[in-house]
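Enquirer: Here it is: the structure, laid out below.
Every read-out reported here was derived from the displayed coordinates using simple, explicitly stated rules and does not represent laboratory data. The structure displayed is predicted, hence computed values, not measured ones. In this analysis, Cβ positions are derived from the backbone assuming ideal geometry, glycine residues included, and neighbour counts consider all displayed protein chains.
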Amino acid sequence: MKIQLEAYAEERLHLLCQLDPEREWHSLDETRHCILCEQTISGHDIRIVKKRQTNALRCPTPGCVGTPREWVHPGNPLTSEDAWRDWVRLLDTLCDEENTGRRPIRRLHPESSGSPASLKSLERSGIAACAGR
């Protein structure tokens with residue numbers, strides 16, 4: 001029975017890594033914060049659903065349609081480098097979609113170094129202005 005559980009955990013972790021191209025997963029114990037339902041979820045909780053010939057990841061919260069695109073590392077984006085990169089990516093995506101109607105090519109804002117910054121640097125990069133709309 002223990003061998004089956006270990007194989008299940010390895011396969012689940014492999015699927016998380018494969019189906020979440022934005023972030024690395026090192027353990028099923030890692031957590032992400034879904035910005036749609038505002039719940040913190042772990043790799044153990046995430047739903048893996050079969051869609052036609054492929055698999056997809058979904059937030060486990062009932063009624064939530066969150067996908068890896070809406071999940072960020074938990075923490076304060078001004079102090080956590082992982083959370084900061086996630087928030088910059090997400091805000092950049094939202095700004096590009098709002099302004100052009102299509103998904104962005106880049107992952108980080110061009111002026112962003114990908115590390116925590118002050119509110120002034122957020123405003124200078126245009127992220128705060130776009131997020132405030």
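Enquirer: Identify, among SER80, CYS37, VAL49, the residue whose Cα sits farthest towards the positive end of the charge dipole of region 17-101, taking +1 on the Cβ of Lys and Arg and -1 on the Cβ of Asp and Glu, with the dipole about the Cα centre.
Expert: The residue sitting farthest along the positive end of the dipole is VAL49.
Enquirer: Please give the peptides 54-62, 84-92 ranked by average Cβ packing (other Cβ atoms within 10 Å per residue), highest first, as a rough proxy for protection. Provide the component values of the computation, followed by the final result.
Expert: Details: 54-62: 14.6, 84-92: 21.1.
Per-residue Cβ counts within 10 Å, averaged per peptide and sorted highest first, yield 84-92, 54-62.
Enquirer: Also, I was wondering about something else. With only alpha-carbon atoms counted, please give the Rg and Dmax of region 2-72, in Å.
Expert: Cα-based Rg and Dmax for region 2-72 come out at 11.9, 36 Å.
Enquirer: How far apart, in nm, are the 7 Å Cα→Cβ label points at LEU36 and GLU81?
Expert: 3.1 nm
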